[in-house]
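Q: Following this message is one structure expressed as structure tokens.
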Amino acid sequence: MNQKYGLLSAPYEKLEPAFLNLDNRWTKVWTIIDNNRVQHQAWGPSMLGSVRKVKILTFLFGLIVTIFIMASYILTRDQKGLFLTPSPFQITVLSQPTHMALDMSTVTDYTVVREVVRSIVAKVDFSRKRVPDLGELREKEPQIFSAIPHKFLPYLKNPCWYEEFFGNITEDPYGKNMYALYSKRFQAIYDHLRRAFPIHLHQHAGRRYRLRCLPFFYIIGQPKCGTTDLYDRLRLHPEVHFTTMKEPHWWTRKRFGIIRLSNGFHNPYPLKDYLDLFDQAANQIQDLLISNSSKSPTEVNIIIGEASASTMWDNNAWVYFYDNGTGVEPPFLVQDFIHAVQPDARFIVMLRDPVESRLYSDYLYFGMTNKSVEDFHERVSESLQLFEACLAESSIRSCIYNTTLNNLMPVRLQVGLYVMYLLDWLSVFNREQILILRLEDHAANRKNTMRRVFDFLQLGPLTLQKEADITKSPASNTRRPANRNLGPMLPITKEILQSFYRPFNQRLAQVVRDPAFLWT
């Protein structure tokens with residue numbers, strides 16, 4: 001298409017390195033990327049606990065290297081030379097198998113970490129975030145608002161619109177799509193779309209238009225909470241279609257050029273590339289519009305879903321693109337932009353026990369070799385101490401959205417703080433627009449869960465056989481046999497984590513008005 005799509009104006013001008021300060025041999029991790037702060041408060045032995053001196057020195061070395069890399073980037077403006085702030089923990093732990101296990105014969109480590117948890121719990125607050133106005137959002141991302149219309153076609157259930165096509169019909173409309181370039185397994189789908197493209201152009205008054213669509217609903221989280229299983233079952237419903245890939249991660253990562261946080265920035269994925277992912281479903285909607293031309297257009301009830309499990313919680317790019325100089329909390333979150341262009345969108349959230357299920361499954365899934373319950377315990381302890389150090393300087397919201405801290409923590413403690421993210425989503429969307437499910441309930445009674453989802457999405461009735469096919473199919477993305485053989489986490493680890501997550505689960509149960517979310 002002869003239409004330009006951009007992302008941000010001068011997106012790299014505000015990149016700042018994370019700073020490290022040493023005082024009395026103890027390391028202090030700044031919880032914001034801002035070099036204007038001068039109020040230093042040293043870490044003491046009681047705060048660091050089990051963090052060994054070698055990690056501190058390696059941390060300093062790794063972060064100094066990062067500063068030089070980022071400084072070099074700023075001077076050269078070489079986009080592909082920039083790396084996001086790496087995790088020094090990954091440098092020292094994941095690459096070195098000599099990670100010392102905790103001495104479980106004493107209670108010293110447990111006592112230290114228990115005090116850390118008490119300190120964290122005492123600082124928990126659930127204050128509301130500031131919601132940016134529409135003008136601020138438009139100023140920050142003008143290309144999003146110029147490409148997506150204010151209103152969608154009224155006779156379709158799914159949000160779609162016609163976009164005028166100015167390109168050469170003989171050219172490949174997907175030739176430069178970055179999802180197609182980097183996802184070889186989807187080449188067959190794009191080959192089909194290329195062949196189908198000309199016949200799906202709508203002719204009107206001598207002009208050509210293509211049908212563009214956004215999702216009717218999003219499965220937004222959380223990771224390792226059953227989103228893949230829910231996605232696989234919903235795909236079997238005849239009225240539901242998804243993107244050509246399960247997790248585009250466009251809103252949280254790809255539009256910033258993030259493939260993996262550890263790999264730095266690449267070229268941003270344009271909005272048009274994201275919209276291309278819905279073309280397969282859009283073509284089917286277009287076919288129905290043509291076949292139903294003599295009937296009421298309201299009969300087209302196909303809806304499209306998108307299932308990126310990072311959407312609910314991942315805002316790690318904000319500090320590189322949206323830092324407003326305060327360095328405290330992100331001025332814009334993913335949901336602010338989605339709400340601005342899709343105020344009527346629906347969202348499905350699947351959650352599970354953040355202690356025994358989500359965090360431990362996360363460790364087993366993403367952990368490197370030599371996994372053990374002792375190693376998991378040590379990673380939890382170190383993550384809790386880093387989180388407490390952040391709270392000594394900043395609010396709870398600042399810490400869960402702190403990119404540097406999130407990269408530093410050996411396990412993703414913040415992802416299990418469900419209520420913090422949910423409250424931020426509820427600051428812009430109504431409670432009726434978000435369906436919140438428990439994986440434990442889904443595993444116990446899939447038929448009941450899927451019926452709730454069908455009702456929420458206002459889907460048509462199914463035959464008994466079709467419903468049976470959807471609800472009785474085997475579960476997707478279950479734990480690997482090798483990980484199951486590792487057994488449960490240590491009781492001491494479980495107790496520590498339950499104490500940490502308890503106030504957040506209590507608030508979550510209040511918000512959703514369901515004591516089952518206490519996971520007691």
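Q: Hey, could you check region 181-214 for residues that are among the aliphatic types (A, V, I, L, M) and over 28 Å from P474 (Cα atoms) and say which is surrounded by the fewest Cβ atoms within 10 Å (Cβ to Cβ)? I'd like the intermediate steps shown before the answer.
A: Here is the first cut: in region 181-214, the ones among the aliphatic types (A, V, I, L, M) are 181, 188-189, 193, 196, 199, 201, 205, 211, 214.
Then keep just the ones that are over 28 Å from P474 (Cα atoms); that gives 181, 193, 196, 199, 201, 205, 211, 214.
Working: L181: 13, L193: 22, A196: 14, I199: 9, L201: 15, A205: 5, L211: 21, L214: 20.
That would be A205.
Q: For region 436-458, how many residues are surrounded by fewer than 19 Cβ atoms within 10 Å (Cβ to Cβ), of a type outside the set (D, E, K, R) and on the phi < 0 side of the Ramachandran plot?
A: 6
Q: Sort out which residues of region 159-180 are outside any loop (DSSP other than H, G, I, E, B) and surrounded by 15 or more Cβ atoms within 10 Å (Cβ to Cβ), and write them in order of number.
A: Our first condition is that a residue be outside any loop (DSSP other than H, G, I, E, B); within region 159-180, this holds for 160-164, 178-180.
Selection gives C160, W161, Y162, E163, M178, Y179, A180.
Q: Tell me, which residue of region 215-265 that is of a type in the set (K, R) and farther than 21 Å from E467 by Cα is least open to solvent (accessible area, probe 1.4 Å)?
A: Checking each candidate, the answer is R255.
Q: Name the single residue that is nearest to D336 (Cα to Cα) among those in region 412-426 being open to solvent by 10 Å² or more (accessible area, probe 1.4 Å) and in a helix (DSSP H, G or I).
A: As a first pass, look at region 412-426 and keep what is open to solvent by 10 Å² or more (accessible area, probe 1.4 Å): 412, 423, 426.
From the residues that got through so far, the ones that are in a helix (DSSP H, G or I) too are 423, 426.
Details: L423: 13, L426: 11 Å.
The extreme case among them is L426.
Q: Residues being modelled with pLDDT of 95 or more and among the basic types (K, R): count how many of those fall in region 256-296.
A: 1
Q: Let me ask something else about it. Select from region 412-434 the residues that are over 17 Å from the mean Cα position of the chain (by Cα) and in contact (Cβ under 8 Å) with a residue 40 or more places away in the chain and list them in ascending order.
A: Scanning region 412-434 gives S427, V428, F429, Q433.
Q: With respect to L271, is the statement that it is in contact (Cβ under 8 Å) with a residue 12 or more places away in the chain, on the phi < 0 side of the Ramachandran plot, in contact with a helix residue (DSSP H, G or I) (Cβ under 6 Å, 6 or more places away or on another chain) and open to solvent by 40 Å² or more (accessible area, probe 1.4 Å) true? Steps first, answer last, please.
A: Numbers: in contact (Cβ under 8 Å) with a residue 12 or more places away in the chain: yes; on the phi < 0 side of the Ramachandran plot: yes; in contact with a helix residue (DSSP H, G or I) (Cβ under 6 Å, 6 or more places away or on another chain): yes; open to solvent by 40 Å² or more (accessible area, probe 1.4 Å): no.
No.
The values are calculated or read from the model by the stated rules, or taken from the named source; none is laboratory data. Given the structure is predicted, the values throughout are model-derived calculations rather than measurements. Counting neighbours? That spans all protein chains shown, and the Cβs are built from the backbone with ideal geometry, glycine included. Only protein heavy atoms, including side chains, enter the accessible area calculation; ligands, DNA and RNA are left aside. Shrake-Rupley method; radii C 1.70, N 1.55, O 1.52, S 1.80 Å.
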